[in-house]
Amino acid sequence: QDVATSTDGTTAVLDRLKDKNITLLDQNGNVVGTLPLEGDAVGETGGITGVFMDGDDVYVEREHGPLVKVGNKDGSAAEEQEELPGRPSRDGTLLLSAGIVEASTGRIFVSAIQRSTRDHLFTREIRLDDAAMYLVLLDSDKQGTIYVAVVIGTPDPPPGDVRVQLVCLEPSQGVPTGGAYLPANTLPDETFRDLVVLDEGGVVYAERTEAGITYRVYHCS
């Protein structure tokens, strides 16, 4: 139900419901190992909301909250299930979290913790242009810029009036530096991730229509 890739091309594929494990593939698609999703820190596997790779380590996210280390990219299970209070930023300096404060008024928050010291750096409230339905992206690029994207609008009556609002924040205080609007994907197809942040900046978005999938790059402006 999710996929993540490390800098050397190793890919982690999450199956939280059937096999309840993570399959690790090398850059040629060969299976190099599996990591079981078990342990008190992981809890019920149905509550896992993502898989993440940070250096050699593989983490799962528990109910949009802390990340739990489950093993190494070579397939060895973690001896201790270390927890991180947020998603690691690409530049290695921050741990990021985000959530909805009040959906009807489009209020969300983005929070950052200094990874080296675990000191709180900032919590920034952002007011979107419409009601917030759900978050679809929280990540950063190699320069530290933070990206958060939320599906906003009114879903009823179907297909509703919905779109994706992308907001970029600078990493020291969380001040918004720009944004963009993307068309919402309203087809019933299930996908792993429609949005991916590029190391050099910008977001690749898989726009799904009846005619197929088109990949477009969006930048905050």
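Readers should treat all values here as calculations from the given coordinates under stated rules, not as data from a laboratory. Note that the coordinates shown come from a computational prediction; the quantities given were computed from them, not determined experimentally. Note that we place each Cβ from the backbone using ideal geometry, even for glycine, and neighbour counts take in every protein chain shown.
Of note:
- Residues with amide H under 5 Å from that of Glu82, placed H, sequence gap 5 or more: Lys69
- GluC sites (Glu not before Pro) within segment 1-68: DSSP coil, no more than 15 neighbouring Cβ in 10 Å: Glu38, Glu44, Glu63
- Low-density loop cleavage sites - GluC sites (Glu not before Pro) in segment 119-221, where at most 15 other Cβ are within 10 Å (DSSP): Glu190, Glu200, Glu210
- Nearest-0.05 FRET efficiency for Gln1 and Arg118, computed from C-beta distance (R0 30 Å): 0.55
- If the segment from Leu187 to Glu170 were pulled out straight at 0.36 nm per residue, it would be longer than the present Cα-Cα gap by 2.8 nm.
- Distant alpha-carbon pairs in segment 88-218 (separation over 23 angstrom), percent: 33
- For segment 20-37, Karplus couplings with θ = phi - 60° (6.51, -1.76, 1.60), whole Hz, Gly/Pro x: 6, 8, 10, 9, 10, 10, 7, 5, 9, x, 7, 6, 10, x, 9, 10, x, 9
- Solution diffusion estimate, µm²/s, Stokes-Einstein, the chain, Kirkwood Rh from C-alpha pairs, 10 °C, viscosity 1.306 mPa s: 87
- The gain in end-to-end length when the Glu83 to Leu135 segment is fully stretched comes to 16.5 nm, 0.36 nm per residue minus the alpha carbon separation.
- Label-point gap, in nm, between Lys20 and Glu125 - each point 7 angstrom along Cα→Cβ: 4.1
- Checking every one of the trypsin sites (Lys or Arg not before Pro) in segment 110-211 against DSSP loop status and a limit of 16 other Cβ atoms within 10 Å picks out Arg118, Lys142, Arg193.
- Each residue of segment 171-187 is assigned a 3J(HN,Hα), and the resulting list reads x, 8, 10, x, 6, x, 10, x, x, 7, 10, 10, x, 6, 7, 10, 6 Hz, derived from the Karplus form 6.51 cos²θ - 1.76 cosθ + 1.60 (θ = phi - 60°), x at Gly and Pro.
- When segment 2-84 is reduced to its Cα atoms, the Kirkwood hydrodynamic radius in Å: 12.3
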